[in-house]
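The values are calculated or read from the model by the stated rules, or taken from the named source; none is laboratory data. Every value quoted in this text rests on a predicted model; they were computed, and no experiment measured them. Every residue, glycine among them, receives a Cβ derived from its backbone with ideal geometry; neighbour counts consider all protein chains shown. SASA here: full protein model, heavy atoms, side chains in, ligands and nucleic acids out. Shrake-Rupley method; radii C 1.70, N 1.55, O 1.52, S 1.80 Å.
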Amino acid sequence: MDELDAQGRGPQDHGPLAGFTVGVTAARRADELIALLRRRGAAVVHGAALRIVPLADDTELLAATKDLIDHVPDVVVATTAIGFRGWVEAADGWGYGEQLLDRLRGVELLARGPKVKGAVRAAGLTETWSPSSESMAEVLDRLLAEGVAGRRIALQLHGEPLPGFVEALEEGGAEVVVVPVYRWMPPEDTGPLDRLLDAVVGRGLDAVTFTSAPAAASLLRRAEERGLLDALVTALRHDVLAVCVGPVTALPLQALGVDTYQPERFRLGPLVGLLCRELPARARVLPVAGHRVEIRGHAVLVDGTLRPVPPAGMALLGLLARRPGWVVGRPDLLRALPGAGRDEHAVETAMARLRTALGTPKLIQTVVKRGYRLALDPAADSKYET
């Protein structure tokens, strides 16, 4: 069991994210993120918001590589390990690998973080400096403090631009050569992304994760194409947690007024750890008929035992839990049912299934000719009066 597996495992071993559904928009490393989430009990909806153009097909990278071989830069900034390795491998494939490495041996080489240092050294190079914070802001501060006027600086990107970084260097008088190692493109099959988008708008997700700014921008763009942008933003502002791997990733969402959550360390493990804290903290916990009832996204914990509940049942339970102990009439419950129509018999059917799913029928009381109520414990009545 690894460190994160040891966090929050309950006596039933259902995991801290059991009962919650999380959306994943990542293309690269999606399998790794999905595995981390599922090991902690989450249900996952995956809709890649982007695809990566293969290196060998990217003429822009080839052009940048040739330019740097012909006109050697003063500084090279390596931003990601996979991006730097991919650049060297692509250059090898084009027959320029040795020439590129020869040029890089004679320049100031800055590596953002230990993984990038490992990739640099694996290529037979040695970095000049690497920030302890793994922050591009610290890299920028160092360059500006050294003075960049008249210097030629190569910036290796990985799929996304770095807002403000290039502009700050150019304002300082540098010539900046951008090395785009991968190119992000919309997915060829938008079906999975559309299903994820529909799940967010329909509140079928408790959280959605973003690991790059282009992925966030792509989801917003697809929502706009389908006429769902306002609905998406409303859902992310009020009901569905938007979790980003770092502050740059969050920028497209924040520009539309969406509050985002980010881990202190910009890695997948800490991102999942953040979800393990935030989502259970948002669950509704009530003392009902002598039991501890915790209402999660698509399941209920009854005295710590996980009880999966169908969507119609969760809709009814959610309405009852808004005013625990109070009677809710059948017409109101009918309106809460997804696609139920006008037949109040649908309420009785869904309520029977809900009681069965909960495994403790007495949690919900029938009030003859009036409706249903959660059997809130008497000692807790005053706490929930409205």
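Within region 154-169, which residues are assigned to a loop (DSSP other than H, G, I, E, B) and either surrounded by fewer than 17 Cβ atoms within 10 Å (Cβ to Cβ) or at pLDDT 85 or above (or both)? So that I can check it myself, show each step before the final result.
Taking region 154-169 as the starting set, the residues that turn out to be assigned to a loop (DSSP other than H, G, I, E, B) are 158-164.
Within region 154-169, Pro161, Pro163, Gly164 meet the criteria.
Answer yes or no: is there a residue in region 359-370 that is among the charged types (D, E, K, R) and either touching a helix residue (DSSP H, G or I) at 6+ places or on another chain (Cβ under 8 Å) or open to solvent by less than 50 Å² (accessible area, probe 1.4 Å) (or both).
In the first step, residues of region 359-370 are kept if they are among the charged types (D, E, K, R); the result is 362, 369-370.
Restricting the remaining residues to those that are either touching a helix residue (DSSP H, G or I) at 6+ places or on another chain (Cβ under 8 Å) or open to solvent by less than 50 Å² (accessible area, probe 1.4 Å) (or both) gives none.
No, region 359-370 has no match at all.
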field: Evaluation of Leu253 against (1) out of contact with any Phe, Trp or Tyr (no Cβ under 9 Å at 6 or more places or on another chain); (2) part of a helix (DSSP H, G or I) (one fails), failing number
entry: (1)
message: Go through region 137-153 and report how many residues are hydrophobic (A, V, I, L, M, F, W, C), surrounded by fewer than 17 Cβ atoms within 10 Å (Cβ to Cβ) and either under 31 Å from the mean Cα position of the chain (by Cα) or part of a helix (DSSP H, G or I) (or both).
response: 3
statement: The condition of being charged (D, E, K, R), open to solvent by 30 Å² or more (accessible area, probe 1.4 Å) and modelled with pLDDT of 90 or more holds, among Arg373, Arg330, only for Arg373
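Residues are listed down the side, and each one gets a yes or a no for (1) open to solvent by 30 Å² or more (accessible area, probe 1.4 Å); (2) free of Cβ contacts under 8 Å to residues at least 40 places away in the same chain; (3) over 28 Å from the mean Cα position of the chain (by Cα):
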site: His291; (1), (2), (3): yes, no, yes
site: Leu306; (1), (2), (3): yes, no, no
site: Pro310; (1), (2), (3): yes, no, no
site: Pro324; (1), (2), (3): no, no, yes
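Can you say whether Val240 is at pLDDT 95 or above, open to solvent by less than 20 Å² (accessible area, probe 1.4 Å) and within 29 Å of Ile364 (Cα to Cα), as far as the supplied structure shows? Quick ask: steps written out before the conclusion?
Numbers: at pLDDT 95 or above: yes; open to solvent by less than 20 Å² (accessible area, probe 1.4 Å): yes; within 29 Å of Ile364 (Cα to Cα): yes.
Spelling it out, Val240 is indeed at pLDDT 95 or above, open to solvent by less than 20 Å² (accessible area, probe 1.4 Å) and within 29 Å of Ile364 (Cα to Cα).
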message: Out of the residues in region 293-304 meeting the condition of being touching a residue at least 40 places away in the same chain (Cβ under 8 Å) and not in a strand (DSSP E or B), tell me which one is most open to solvent (accessible area, probe 1.4 Å).
response: His298
